[in-house]
1. Before we move on, is Asn75 at pLDDT 95 or above and not in a loop (DSSP other than H, G, I, E, B)?
2. What's the number of the condition Arg82 fails, among (1) in contact with a helix residue (DSSP H, G or I) (Cβ under 6 Å, 6 or more places away or on another chain); (2) surrounded by fewer than 16 Cβ atoms within 10 Å (Cβ to Cβ); (3) basic (Lys, Arg)?
3. Note down all Cβ pairs under 7 Å where the first residue falls in region 89-113 and is more than 15 Å from Val149 (Cβ to Cβ), the second is aromatic (Phe, Trp, Tyr) and surrounded by 12 or more Cβ atoms within 10 Å (Cβ to Cβ), and they're at least six residues apart or on different chains.
4. Please identify the pairs in which a residue from region 165-194 that is closer than 30 Å to Thr143 by Cα has its Cβ atom under 6 Å from the Cβ atom of a residue that is among the charged types (D, E, K, R) and not in a loop (DSSP other than H, G, I, E, B), counting only partners at least 6 apart or on another chain.
5. In region 144-194, which residues are among the polar types (S, T, N, Q) and within 23 Å of the chain's Cα centre (by Cα)?
6. Identify the single condition in (1) buried (at least 19 other Cβ atoms within 10 Å of the Cβ); (2) under 19 Å from Ala45 (Cα atoms); (3) of a type outside the set (Phe, Trp, Tyr) that Lys158 does not satisfy, given that it satisfies every other one.
7. Counting just the residues of region 87-143 that are of a type in the set (Phe, Trp, Tyr) and farther than 17 Å from Phe36 by Cα, which one comes out modelled with the lowest pLDDT?
Amino acid sequence: MRQTRLILITLLVSAITSLPALATWQLDNEKSSLTFISVKKSTIAENHHFSTLEGNINEQALVNINVDLASVNTNIAIRDERMKQFVFDSSKYASAKFSAQLDNAMFQALKTGEVKKLTVNGKIDFHGQQQAIAIDVNVIKLTEKQISVHTNQPFFIKADAFGVVAGINKLKELAALPSIDYVVPVSFSVTFAR
């Protein structure tokens, strides 16, 4: 009887102490950023970002991130409005989504201060289209309660893959520009906390 009780207590303690490793990690919007670069007239590159991101990594190490397309910030108010209306069609498509499955064992074994380089194979859902994508990232466990994930190099969003070429052409027409590139480099640095 005593041995059975000891085994039950040991199992209970093991279950409780393993819970933090399995807990859901929430994206911290204040410590996260998603940026993209547009190129116009073939030589003028400009940085832009989205102000509102949300997401999590669940107990099975499934990553889900939502980007509020209406939070686009190009530092020019009229351009923000035109991008929301003509490129993103944000009244119909409120967000862009990214999802991926991390290796749960790797994720749980990550030690504080450790940096893990990996290629994340995921899916982007944007403007009614879904595309597979591979992104090279660094995963860093900052503390027991914070991790950071950031791109090692930009990945590329192709306008034709997501049906937004017409919207970019409309921007080009409204701004009287000879060109706006249809391939957009994207980078991110996101922090998750539990």
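The values are calculated or read from the model by the stated rules, or taken from the named source; none is laboratory data. Keep in mind that what you see is a predicted model, and the values were worked out from it rather than measured. We place every Cβ from the backbone using ideal geometry, glycine too, and count neighbours over all the protein chains shown.
1. No.
2. It fails just one condition, (2).
3. Partner pairs satisfying both residue conditions: Ala96/Phe126.
4. Cβ pairs passing all conditions: Thr191/Lys31.
5. Residues of region 144-194 among the polar types (S, T, N, Q): 146, 148, 151-153, 169, 179, 187, 189, 191.
Of everything in region 144-194, those that are among the polar types (S, T, N, Q) and within 23 Å of the chain's Cα centre (by Cα) turn out to be Gln146, Ser148, Thr151, Asn152, Gln153, Ser187, Ser189, Thr191.
6. Exception for Lys158: condition (1).
7. Among residues in region 87-143 that are of a type in the set (Phe, Trp, Tyr) and farther than 17 Å from Phe36 by Cα, the one modelled with the lowest pLDDT is Phe107.
Residue-by-condition table, conditions (1) touching a helix residue (DSSP H, G or I) at 6+ places or on another chain (Cβ under 9 Å); (2) among the small types (Gly, Ala, Ser); (3) in a strand (DSSP E or B); (4) closer than 29 Å to Phe107 by Cβ:
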position: Lys123; (1), (2), (3), (4): no, no, yes, yes
position: Ile135; (1), (2), (3), (4): no, no, yes, yes
position: Ile140; (1), (2), (3), (4): no, no, yes, yes
position: Ser148; (1), (2), (3), (4): yes, yes, yes, yes
position: Ile157; (1), (2), (3), (4): no, no, yes, yes
position: Gly167; (1), (2), (3), (4): yes, yes, no, no
position: Leu171; (1), (2), (3), (4): yes, no, no, no
